[in-house]
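The values are calculated or read from the model by the stated rules, or taken from the named source; none is laboratory data. Because the structure is a prediction, the values reported are computed rather than measured. Virtual Cβ from ideal backbone geometry, glycine too; neighbours counted across all protein chains shown. Just so you know, the surface numbers come from the protein's heavy atoms only, side chains and all, with ligands and any DNA or RNA stripped out. Shrake-Rupley method; radii C 1.70, N 1.55, O 1.52, S 1.80 Å.
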Amino acid sequence: MASKDTNQVLYKQLKCRICECGPKAGKSEWYQCLSQHQICQDCKTGDAKDLNKCPCGRFISSEHSPIMEELLELETTRFKCKNTKGGCREFLEKEAMISHEQECIYRLVNCPDLMCDSKVPFHELIQHIKTDKHVQKRSRSIDTKEPLVINIQIPEPMFKNGIFACRPRKIEYDANIFFETYQANAIKDGLFWHWIHFLGPPIEAKKYAYTLEYEDVNDSERNLTYNGKVVSVDETTNTIQANYNCLSVAYGFFKAHFVDNDRKFKYSLKIRNLKEEAKDENVESGISDDE
């Protein structure tokens with residue numbers, strides 16, 4: 001009963017003055033302003049910031065509350081999911097909640113369509129992307145156990161400007177859904193980008209990798225091959241490109257070697273299950289999964 005009372009008190013009394021959120025799993029640092037308003041860790045120090053003033057205008061302490069930290073670190077403390085407003089009703093201890101929030105179906109994710117700025121609940125993403133506004137007209141579901149060969153023709157106005165992109169192409173592999181996207185911007189950054197989104201949480205995305213191979217239109221012996229990890233839909237276009245977490249080459253190089261006189265380029269795509277590959281290697285070497 002005491003455990004229940006403690007959690008009730010925490011959720012009643014601990015409310016951030018800025019974001020209005022209550023206790024957060026894994027975020028046990030709480031601060032106060034001179035008017036004793038509570039400020040959560042994310043609002044005070046998140047994203048490499050150091051907020052000095054509360055919305056009330058008074059200064060925020062530079063030290064967090066050790067008493068509050070100890071309360072939030074108790075094994076008996078339970079947390080609501082940060083997606084409670086979206087519909088989630090989970091109420092778990094700290095480590096379980098941290099794990100849950102990474103794959104909560106109510107978490108907000110960005111639409112993988114480069115032309116859409118919407119954030120939608122994960123469980124609604126498929127329905128959202130099916131609309132005519134967000135799906136490539138020739139989008140299709142494909143089993144990529146064998147390399148998928150794709151031919152693209154760049155529309156002349158876009159080719160001339162050096163700015164073009166594709167809307168998500170849905171790909172099915174290993175009973176999962178992936179979205180393929182590429183983008184070129186010869187003006188902004190002078191690069192051509194190509195990546196694969198995975199419809200699932202980051203921890204699941206780590207199981208999959210992909211290979212892109214572009215054919216050089218001038219020399220059949222010289223191709224561009226890229227091997228990389230798929231990225232979860234939790235990652236945005238900005239973070240993918242900022243971290244170069246995908247194929248990224250100079251647009252001039254891409255245009256000179258891989259786009260022909262008819263503005264066409266060709267590439268093959270293969271998605272791989274790294275866990276299954278490891279199992280196959282163990283079988284071939286005579287090592288069992290238990291070893």
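A few comments on the model shown:
- Residue match in segment 65-86 (condition: among the aliphatic types (A, V, I, L, M) and under 25 Å from His123 (Cα atoms)): no
- Among the residues listed as Gln153, Gln183, the single one being modelled with pLDDT of 90 or more and either within 30 Å of Cys104 (Cα to Cα) or surrounded by 13 or more Cβ atoms within 10 Å (Cβ to Cβ) (or both): Gln183
- Answer residue from segment 194-207, given it is open to solvent by less than 10 Å² (accessible area, probe 1.4 Å) and either β-branched (Val, Ile, Thr) or part of a strand (DSSP E or B) (or both) and is farthest from Lys279 (Cα to Cα) among those: His194
Okay, residues lined up against (1) more than 24 Å from Trp193 (Cβ to Cβ); (2) surrounded by 17 or more Cβ atoms within 10 Å (Cβ to Cβ):
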| site | (1), (2) |
| --- | --- |
| Gly87 | yes, no |
| Ile98 | yes, no |
| Gln102 | yes, no |
| Ile105 | yes, no |
| Cys116 | no, yes |
| Lys119 | no, no |
| Leu125 | no, yes |
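- Per the listing Val231, Val259, the residue uniquely buried (at least 17 other Cβ atoms within 10 Å of the Cβ), among the β-branched types (Val, Ile, Thr) and within 17 Å of Ile152 (Cα to Cα) is Val259.
- Segment 27-49, residues that are open to solvent by 20 Å² or more (accessible area, probe 1.4 Å), within 13 Å of Ser61 (Cβ to Cβ) and either in a strand (DSSP E or B) or of a type in the set (Asp, Glu) (or both): Glu29, Gln32, Gln38
- Answer residue from segment 234-256, given it is of a type in the set (S, T, N, Q) and open to solvent by less than 50 Å² (accessible area, probe 1.4 Å) and is nearest to Asp47 (Cα to Cα) among those: Thr236
- The single condition among (1) open to solvent by 60 Å² or more (accessible area, probe 1.4 Å); (2) under 27 Å from Glu124 (Cβ atoms) that Pro55 does not satisfy is (2).
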